[in-house]
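Undergrad: Starting off with a structure, shown below.
The values are calculated or read from the model by the stated rules, or taken from the named source; none is laboratory data. Fair warning: this is a prediction, and the values are worked out from it, not measured in the lab. In this analysis, Cβ positions are derived from the backbone assuming ideal geometry, glycine residues included, and neighbour counts consider all displayed protein chains. Keep in mind that these areas ignore ligands, DNA and RNA; they rest on the heavy atoms of the full protein, side chains included. Shrake-Rupley method; radii C 1.70, N 1.55, O 1.52, S 1.80 Å.
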Amino acid sequence: MKFVLTGAGSRGMTYALWAKQHGMEIAAIAEKRPDRLNSAGDRLGVPEAMRFSDAAPLFAQGKIADAAIIATMDRDHYGHVMQALDCGYDILLEKPISPVPRECIAIEEKANALGRKITVCHVLRYTNFFMQIKEILDSGELGKVVAIKHSENIGSFHMAHSFVRGNWRNDQLSSPIILQKSCHDLDILLWLTGAHCTKVSAFGSLSYFRESNAPAGSSDRCLSCAVADSCRFDARKAYLPVLGQWPADVVCLEQTEEALMEALKTGPYGRCVYRCDNNVCDHMSILMEFDNGVTATFSLTAQTSACHRNIHIMCEDGEILADDGERRIVVTHHVSSQADTFTERVINVRTNGSGHVGGDAGIMEDFTAVLSGEKESRSSISRSVESHLMAFAIEQARLTGNVVDMAEYRKSLT
């Protein structure tokens, strides 16, 4: 099996290296950063003649592989996906599909018209953790789902790296955080409920990572800051301890202390987190209604020490309480109407050791099996677009203070 790859950043390389490690070939690669292009080409064994600084000449080769992995920046996805579809590729597409609602719909329509498969990297569907929860709900042992409380705890370090200093800090450069970070969670809620979202409302803002919260005597860069030693967001504390790993490998290509310190002097990851050009929310609270009567709340927040998700699913005859950080699912059955009368079982979830609680390897296993004709995809481009439209509607609800009707919102886009 062969792939072409556009975008040799952290996500693209995760998928491409999995393919190579499993005996598959990367036939061509496109990456606009010369150092990343050459490094990725060498690691993936791509001939120099098939290394491109732009996606256009790669797709001008025609269909030279079985599928395309598209992991470029958010606002490049639409053009790259459309070119890949024209070539006849099935596609593994890093989320989000596009930060523009009408582009998401156009991709959906073209893929369906051509009969092409697009798997969006909603990797949570492919984790043992969420698959076991889905199996419990589908078994009917707890009765119908009534309500869900779901939380994404981003973690202050992850927020500072990706959404304050990093590529997804500003919705005009990339996309709102509810889309970029949490379309995973909206997709999971669609999957677990087996329903369609009908209405959303939302509240949230950027409250902490602002200049007004900068420590007295601080400066715009960590390496020249007089109070860096006492600041928990000092870039040296964030990246030096994880040299050779994520997220230090995003800061600079050469993973040495000298190269990292040089990158922090002038690059975006050495900036003061209180003085960046970020504008995305650092906390949001969302309420959703589904067409089967289920209601759900979802919260995302940066003000947590760890990066994990926890979910509480209340059903007619019991409930599920689970935390992917603890790899633990607690299933409770209501035995009688008396207080504290219940039975409980605990499931300790095993993972395969890959990123996103095993979802990174899980989605590649599923995608390659789908390409081989061994199974049907666990998701579809239409279902993924639905989760994205939920995110766009949620952002509209947050900005306007109104409840947004999903059917009316989608109609407004056509």
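Undergrad: When the chain is treated as a GNM, springs tying every alpha-carbon pair under 10 Å, which of 299, 174, 139 comes out with the largest mean-square fluctuation?
TA: 139
Undergrad: Per residue, how much accessible surface does the range 274-334 expose to a 1.4 Å probe? Answer in Å², no decimals. Write down the numbers at each step before the final one.
TA: On the way: 2500 Å² over 61 residues.
Per-residue accessible area for the range 274-334 comes out at 41 Å².
Undergrad: Just to be sure I understand: with springs between alpha-carbon atoms less than 10 Å apart, which residue in 402, 279, 167 has the highest mean-square fluctuation in the Gaussian network model of the chain?
TA: Of the options given, 402 has the highest mean-square fluctuation.
Undergrad: May I pose another question? Past the 23 Å Cα-Cα mark, which pairs from 20/63; 95/237; 63/110; 134/411? Display every interim value, and only then the final one.
TA: Working: 20/63 19 Å; 95/237 29 Å; 63/110 17 Å; 134/411 31 Å.
As for pairs spanning more than 23 Å Cα to Cα, those are 95/237; 134/411.
Undergrad: Still on this structure, please answer the following. Given axes a ≥ b ≥ c from the Cα gyration tensor, I'd like to know whether the range 136-282 is rounded (a/c under 1.5), prolate (a/b larger than b/c) or oblate. Walk me through the intermediate numbers first.
TA: Numbers: a/c = 2.80, a/b = 2.04, b/c = 1.38.
The shape class here is prolate.
Undergrad: Ok, one more. Along the range 151-160, what does the Karplus equation 6.51 cos²θ - 1.76 cosθ + 1.60 (θ = phi - 60°) give for ³J(HN,Hα), rounded to whole Hz, x for Gly and Pro?
TA: Whole-Hz 3J(HN,Hα) from phi for the range 151-160: 9, 10, 9, 5, x, 4, 5, 5, 4, 4.
Undergrad: Would you mind pulling out the separation of the Cα centroids of the range 176-249 and the range 270-329, in Å?
TA: Each part reduced to its Cα centre gives a spacing of 14 Å.
Undergrad: Between residue 109 and residue 411, what length in nm is gained on full extension when 0.36 nm per residue of separation is reduced by their alpha carbon distance? Mind dumping the intermediate values first?
TA: Working: separation 302, 0.36 × 302 = 108.72 nm, distance 1.49 nm.
Between residue 109 and residue 411, full extension yields 107.2 nm more.
Undergrad: With viscosity set to 1.567 mPa s at 4 °C, what whole-number translational diffusion coefficient in µm²/s follows for the range 189-232 from Stokes-Einstein and a Kirkwood radius over Cα pairs? Present the calculation step by step, with values, prior to reporting the outcome.
TA: Numbers: Rh = 14.5 Å.
The diffusion coefficient I find is 89 µm²/s.
Undergrad: On to the next question. Using a cut-off of under 20 Å, list every residue of the range 247-286 whose amide N is near the label point 7 Å from the Cα of residue 224 along the Cα-to-beta-carbon line.
TA: 259-278
Undergrad: To continue, here is another question. Which whole-angstrom value gives the distance between the alpha carbon centres of the range 1-77 and the range 91-142?
TA: The distance from the Cα centre of the range 1-77 to that of the range 91-142 comes to 22 Å.
Undergrad: Whose amide H sits under 5 Å from the amide H of residue 64, counting only residues 5 or more places off or on another chain, with H placed in the peptide plane?
TA: Here nothing satisfies the definition.
Undergrad: Give the shape of the range 286-414 as rounded, prolate or oblate, defined through the alpha-carbon gyration tensor: a ≥ b ≥ c are the square roots of its eigenvalues, a/c under 1.5 means rounded, and otherwise the shape is prolate if a/b is larger than b/c and oblate if not.
TA: oblate
Undergrad: Can you list residues whose amide H is under 5 Å from residue 272's amide H, if they're 5+ apart or on another chain and H is modeled 1.01 Å from N?
TA: Close amide H contacts, sequence-distant or interchain: 221, 222.
Undergrad: Need the list of aspartates and glutamates near residue 144 for cross-linking: C-alpha distance under 12 angstrom, and skip anything on the same chain fewer than eight residues off.
TA: Counting by Cα, and skipping residues close in sequence, residue 144 has these aspartates and glutamates nearby: 316, 317, 319.
Undergrad: At 27 Å minimum axial length over the Cα atoms and a Kyte-Doolittle cut of -0.5, report the qualifying DSSP H helices in the chain, or say none. Show your work: numbers first, answer last.
TA: Values: long enough: 381-400 (28 Å, 0.25).
Sorted by number, the helices that extend far enough and score high enough are 381-400.
Undergrad: So, with a 1.4 angstrom probe, what is the percent of accessible area on the range 81-177 that is carbon and sulfur?
TA: 48 percent
Undergrad: Kindly provide the GluC sites (Glu not before Pro) of the range 1-87 that DSSP labels as loop, not H, G, I, E or B, and whose Cβ sees at most 10 other Cβ atoms within 10 Å.
TA: Of the GluC sites (Glu not before Pro), not one in the loops of the range 1-87 has a Cβ with at most 10 other Cβ atoms within 10 Å.
Undergrad: On to the next question. Over the chain, what relative contact order in percent results from Cα pairs under 8 Å that are six or more residues apart? It would help to have the intermediate numbers written out before the result.
TA: Values: 806 pairs, mean separation 84.1, N = 414.
Relative contact order here is 20 percent.
Undergrad: Anyone know which of 155, 244, 217 comes out most mobile in the 10 Å Cα GNM of the chain?
TA: Of 155, 244, 217, the Gaussian network model singles out 217 as fluctuating most.
Undergrad: How would you classify the range 1-160 from its alpha-carbon gyration tensor, with a ≥ b ≥ c the square roots of the eigenvalues: rounded for a/c under 1.5, else prolate if a/b is greater than b/c, otherwise oblate? Don't jump to the answer; show the numbers that get you there.
TA: Working: a/c = 1.90, a/b = 1.65, b/c = 1.15.
In terms of gyration-tensor shape, prolate.
Undergrad: Given a 1.4 Å probe, how much area per residue of the range 13-169 is accessible, in Å²? Kindly include the intermediate steps, with their values, before the conclusion.
TA: On the way: 5940 Å² over 157 residues.
Counting only protein heavy atoms, the per-residue value for the range 13-169 is 38 Å².
Undergrad: Can you tell me how much longer the chain between residue 135 and residue 246 gets when fully stretched, taken as 0.36 nm per residue apart minus their C-alpha distance, in nm with one decimal? Mind showing how you got there, number by number?
TA: Details: separation 111, 0.36 × 111 = 39.96 nm, distance 3.20 nm.
Going from the current span to full extension adds 36.8 nm.
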